[in-house]
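The values are calculated or read from the model by the stated rules, or taken from the named source; none is laboratory data. Treat the numbers as computed from the prediction; the structure is a model and nothing was measured. Don't worry about glycine lacking a Cβ; one is built from the backbone with ideal geometry, like all the others, and counts go over all protein chains shown. Only protein heavy atoms, including side chains, enter the accessible area calculation; ligands, DNA and RNA are left aside. Shrake-Rupley method; radii C 1.70, N 1.55, O 1.52, S 1.80 Å.
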Amino acid sequence: MCRAVTVICVARDHDQLVALKRAVVAAEWELTAGATDLRSALDQIDVERPHAMVVAGPFEELVAMVADRFPGMTIVADHEMPGATVVAAVSDAREALRLQRRPGGPVG
């Protein structure tokens, strides 16, 4: 069974989330619905099990929690924060994701 790489985007509000998803979208991965708050992001991560997260805004607590809980997840953030794998401007987030190692192995 094959599974596409999944990415969750997290931003401060709906408009910023839409802009972030437009900046990140690519044929190489699937985007989740995305989130605008910590609880929604964690709920989606628990259900969707994304391989990567792109964060724009003040989500230091989320990034730290996700990095601790899922150490293999790629986390692209728009500014320095503990746990971020890559720091990149929103306009560079798609390329930052492309440069990261892809998950491998069987899906069970």
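Please give me the summed charge of the neighbours of Ala26: other residues whose Cβ is under 9 Å from its Cβ, Lys and Arg +1, Asp and Glu -1.
Details: positive: Arg94, Arg98; negative: Glu28.
Taking every Cβ under 9 Å from that of Ala26, the sum is +1.
How long is the gain from His14 to Ala64 if the chain were fully straight, where each residue apart is worth 0.36 nm and the alpha carbon distance is subtracted?
Details: separation 50, 0.36 × 50 = 18.00 nm, distance 2.26 nm.
Full extension from His14 to Ala64 adds 15.7 nm.
For Glu28, the accessible surface of its heavy atoms amounts to roughly 80 Å² (probe 1.4 Å, protein chains only, rounded to the nearest 10). The figure for Thr74 is an accessible area of roughly 10 square angstrom, using a 1.4 Å probe on the protein chains alone. Taking a ≥ b ≥ c as the square roots of the Cα gyration tensor eigenvalues, the stretch 16-62 comes out oblate, since a/c reaches at least 1.5 and a/b does not exceed b/c. Kindly identify the chain as rounded, prolate or oblate by the Cα gyration tensor criterion: order the square roots of the eigenvalues as a ≥ b ≥ c, call it rounded if a/c is under 1.5, otherwise compare a/b with b/c, prolate if a/b is larger, else oblate. Judged from the Cα gyration tensor, the chain comes out rounded (a/c under 1.5).
Within the assembled protein chains, the solvent-accessible surface assigned to Ser40 is about 40 Å², based on a 1.4 Å probe. A 1.4 Å probe over all protein chains sorts Val55, Val5 by accessible area into Val5, Val55, starting with the largest.
Within the listed set His14, His51, His79, the residue fluctuating most in the Gaussian network model of the chain (springs between alpha-carbon atoms under 10 angstrom) is His14. For Val54, the residues whose modelled amide H falls within less than 5 Å of its own, excluding neighbours fewer than 5 places apart on the same chain, are Ile8, Cys9, Val10, Val76.
Largest first, how would Leu97, Leu31 line up by accessible area (1.4 Å probe)?
On the way: Leu97 5, Leu31 50 Å².
Result of the area sort, largest leading: Leu31, Leu97.
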